[in-house]
Amino acid sequence: MNENKRSGGLGSRLERLTMKAREERRKVLIRARMRAPDGWHDACILNVSSRGLMVQAAQPAERGTYLEIRRGAHVIVGRVVWSGKHRLGLPAQDRLPVEALISDPDAAVATPAGRSADGERRRSPRPAGRAHEGNRQWAGVMEFASIALAGAFAASLAYAAIGEALARPIATISDAISPK
């Protein structure tokens with residue numbers, strides 16, 4: 001029996017036939033961002049294949065959690081199938097561009113309109129139309145405020161000038177009609 005195992009006999013052949021073939025994993029060390037249900041976290045991709053990756057994070061997500069891993073323009077979405085102390089296994093929903101991730105993780109790829117190259121909405125600039133419209137509204141408010149302020153100043157000057165101009169005639173009339 002021991003002889004059979006050493007020489008690659010029937011037992012080891014059956015094991016090889018029944019075991020699912022694993023795709024080659026490439027050991028890497030790539031910094032990334034991980035979006036979990038509780039927010040964004042720093043993460044590190046430790047190995048990658050075209051079907052998934054192993055990630056190290058300070059707070060790994062629980063099994064069954066959907067995550068988004070971002071590195072540069074690359075976005076990887078998957079569900080955690082195993083989770084350890086600080087590591088987790090994440091099969092990807094789509095095939096991964098392994099060579100692109102390894103050779104140039106920050107390479108630009110086509111991104112949707114209104115998104116920055118790394119896909120982060122918080123860093124993407126405002127669309128030109130929204131920025132222009134916001135500036136127009138702000139300019140309208142400032143114009144109204146400055147015209148209202150100038151009008152109030154002109155009204156107070158007019159009140160002072162008219163009050164001073166009419167002060168003498170009113171005083172004369174008051175003296176004339178008042179009983180002595």
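The values are calculated or read from the model by the stated rules, or taken from the named source; none is laboratory data. What you see is a predicted model; the values in this text were computed from it and never measured. All Cβ positions, glycine included, derive from the backbone under ideal geometry; neighbour counts span all protein chains shown.
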Listed residues Ala167, Ala154, Ala100; which is within 27 Å of Arg26 (Cα to Cα), at pLDDT 70 or above and part of a helix (DSSP H, G or I)?
-> Ala100
Pairs with Cβ under 8 Å, 6+ apart, first in the range 86-97 and farther than 11 Å from Ser50 by Cα and assigned by TED's automatic domain parsing to the domain that holds Gln56, second loosely packed, with under 13 Cβ neighbours inside 10 Å and at pLDDT 90 or above | Leu88/Trp82; Gly89/Val81; Gly89/Trp82; Leu90/Val81
What single numbered condition from (1) surrounded by fewer than 16 Cβ atoms within 10 Å (Cβ to Cβ); (2) modelled with pLDDT under 85; (3) of a type in the set (D, E, K, R) fails to hold for Asp118?
-> (1)
Say we look at the range 34-57 and pick out the residues that are free of Cβ contacts under 8 Å to residues at least 40 places away in the same chain and over 17 Å from Gly84 (Cα atoms); which of these is surrounded by the most Cβ atoms within 10 Å (Cβ to Cβ)?
-> Arg35
When you look at Arg130, is it surrounded by 10 or more Cβ atoms within 10 Å (Cβ to Cβ) and either at pLDDT below 90 or under 30 Å from His41 (Cα atoms) (or both), yes or no?
-> yes
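Can you confirm whether Gly78 is farther than 18 Å from Glu99 by Cα, free of Cβ contacts under 8 Å to residues at least 60 places away in the same chain, part of a strand (DSSP E or B) and in the same structural domain as Glu23 (by TED's automatic domain parsing)? Steps first, answer last, please.
Values: farther than 18 Å from Glu99 by Cα: yes; free of Cβ contacts under 8 Å to residues at least 60 places away in the same chain: yes; part of a strand (DSSP E or B): yes; in the same structural domain as Glu23 (by TED's automatic domain parsing): yes.
When the stated conditions are applied, Gly78 passes them.
Output the number of residues of the range 48-73 satisfying the condition of being in a strand (DSSP E or B), over 13 Å from Ala92 (Cα atoms) and more than 20 Å from the chain's Cα centre (by Cα).
Going residue by residue through the range 48-73, those that are in a strand (DSSP E or B) are 48-49, 52-57, 66-71.
Add one more test, that the residue is over 13 Å from Ala92 (Cα atoms), and what stays is 56-57, 71.
Going one step further and asking which of them are more than 20 Å from the chain's Cα centre (by Cα), we end up with 56.
Residues in the range 48-73 being in a strand (DSSP E or B), over 13 Å from Ala92 (Cα atoms) and more than 20 Å from the chain's Cα centre (by Cα): 1 in total.
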